[in-house]
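Inspection log for the structure reproduced underneath, given as structure tokens.
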Amino acid sequence: VISISQFSQINNLLGYKTGDDILRYISIRIVRVLGEKSYISRLYSDKFGIVLLNIKNKNDIEKKLGSLLDKLKEPYYINGVRYELFFNIGCALNNNTNDFSELLLRAEESCTNAKKYGFDYINFFDDKSFNLPTSTYNLNKDFKNALINREFFLVYQPIYNIKRQKIESIEVLIRWLHPTLGILNPSHFIDIAEQTGSIVPLGNWIIREACKFQKQIKESFGFDIKICINLSYKQISNRDFVNCVKKILKNENMSGHNITFEITETVSMQNPDRLVITMKKLEELGINMSIDDFGSGYSSFKYLLQFKASNLKIDKLFVDKLNSKFGMIIFEEIITLGKKLNMKVVAEGVETEEQFKIIQNTDCDEIQGYFISKPITSQELIKFLITSNIN
Ligand code: C2E
Ligand code: CA
Ligand code: CA
């Protein structure tokens, strides 16, 4: 399986026509290098699938793919403009299976892993990583059951308002209680949920559960806490999304003012026009939008222009660099930018008192991180709110 790195960026920046042209050029090059002793197809989006025939030796395969990678790495000229691309290749050998769909799954798993090593990497499916219980490959198999058996639960992380010295919002984070592996963080399964499309029903469940919890807090404390919910691009680009949210709000008898949706750059890159319309409808429901992981992506400024969000979450990356002169300058400038745009600015991943003290002296509105609390269960959060000075 060959994957083109950051292909969605090409589509976004240069348009689908150029994206299609590039895909065509890539296919021509693959056919030229591999010739007739192979089956070549485009699997989907940025992925090509290749079956190499009459070649058994791993070294020979590596050589062949190496020359393919060299060819693919040559610049692409489209309308006189030069483009250079990065690729990753994942391979599976039919040593211990001839089941084609199994081989394809293994090659895809290796390709996903290749991305973790960097660009232009050829990765072979390895029986050891395949046996690793937390490999995407294995979790993929358990994921369906997890949905049926309701193995997911939510944890909540308090967000502290510095000026008002109290917890005013909480971020909702999902966990998977795997029957044998224990509690798994979303990094292990959000991709699977997105790829299988399950993120849509799962996402609706998250919103519903979070709304119920918000109401429970209100009933216990008479206090409206805002819930910040992460959205995946698959959810927000689903045509039915706004209606589902409306239904949930209606069923729970809740106002949208208590909800903030957090979106990252990947969300905003998929279908910006649709997203603008969806965001407008959400806004009409009183829901706020928050730009998550700000500063860690490629085009953060671009989407500040595109989307009207009310919150800006500065990535932990910058909080970690507060002890350096440059780090401090960048942190303060992001806050200035957010404030000028009338946004509430939240610093993420605050872990130490030292960081907290530095941030306290800036214009930053809120902090989130282990310094205040790790993500905790609903029961723990209620206790936390009771002992902390929420009033
Ligand atoms: P995120 O939205 O940036 O969430 C913050 C992540 O930082 C959480 O990881 C949280 O546990 C972690 N964190 C918070 N404070 C600290 C700190 O002081 N130090 C360190 N080292 N980490 C801290 P988590 O829960 O593993 O979530 C990872 C990512 O998975 C989230 O990043 C979010 O993008 C995604 N995610 C989590 N829950 C959901 C969900 O319900 N739906 C969707 N679509 N994505 C989710
Ligand atoms: Ca978030
Ligand atoms: Ca974040």
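Please treat every number below as a calculation from the coordinates, not as lab data. It should be emphasised that the depicted structure is a prediction, and the values quoted were computed from it without experimental measurement. Positions of Cβ are backbone-derived with ideal geometry, glycine not excepted, and every protein chain shown enters the neighbour counts.
The figures follow:
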read-out: Neighbour-count ranking [beta-carbon atoms within 10 angstrom, fewest first] of 38, 373; value: 38, 373
read-out: Cβ-based charge dipole, the chain, positive-most Cα from 114, 305, 125; value: 305
read-out: Tilt relative to the chain, helix 199-221 - C-alpha long axis, 0 to 90 degrees, to 10; value: 10 degrees
read-out: Inter-label distance for residue 308 and residue 39, nm, one decimal - labels placed 7 Å from Cα along Cα-to-Cβ; value: 5.2 nm
read-out: Counting DSSP beta bridges with both ends in the chain, the antiparallel % (nearest 5); value: 55 percent
read-out: Anchor residue 246: lysines whose Cα lies under 28 Å away (excluding residues fewer than 8 positions away in-chain); value: 144, 212, 215, 218, 226, 234, 280, 281, 308, 313, 344
read-out: Low-density loop positions, trypsin sites (Lys or Arg not before Pro), the range 1-78 - DSSP coil, at most 13 other Cβ in 10 Å; value: 37, 56
read-out: Three-way shape call for the range 17-71 based on the alpha-carbon gyration tensor, with the a/c threshold at 1.5; value: prolate
read-out: Gain in span if fully extended, residue 223 to residue 333, counting 0.36 nm per residue against the direct Cα distance; value: 36.3 nm
read-out: Value of relative contact order over the range 140-233, rounded to a whole percent, pairs C-alpha under 8 Å and six or more apart; value: 27 percent
read-out: GNM flexibility winner over the chain from 156, 16, 233 (Cα, springs under 10 Å); value: 16
read-out: Square roots of 5 times each gyration tensor eigenvalue, C-alpha, the range 263-391, largest first, Å; value: 26, 21, 13
read-out: Footprinting exposure proxy for 18, 97 (fewest neighbouring C-beta atoms within 10 Å first); value: 97, 18
read-out: Between 0 and 90°, nearest 10: helix 136-148 axis offset from the chain longest Cα axis; value: 50 degrees
read-out: For 332, 354, order by how many other beta-carbon atoms lie within 10 Å, fewest first; value: 354, 332
read-out: Inter-probe distance in nm under a simple model that places probes 7 Å from Cα toward Cβ, at residue 134 and residue 151; value: 1.5 nm
read-out: Using alpha-carbon coordinates, inclination of helix 378-387 to the longest axis of the chain, degrees; value: 40 degrees
read-out: Extent along principal axes [Cα atoms of the range 103-199; Å; largest to smallest]; value: 55, 36, 24
read-out: The range 324-388: chymotrypsin sites (Phe, Trp or Tyr not before Pro) in DSSP loop, at most 15 other beta carbons within 10 Å; value: 370
read-out: Bins of 20 Å from zero: percent of alpha-carbon pairs in the chain; value: 24, 52, 23, 1
read-out: Cα-projected label distance for residue 326 with residue 29, points at 7 Å along beta-carbon direction, nm; value: 3.2 nm
read-out: Loop GluC sites (Glu not before Pro), the range 21-97 (other Cβ atoms within 10 Å of the site Cβ: 16 or fewer; DSSP); value: 36, 84
read-out: Cα gyration tensor category, rounded, prolate or oblate, for the range 181-256 with a/c compared to 1.5; value: oblate
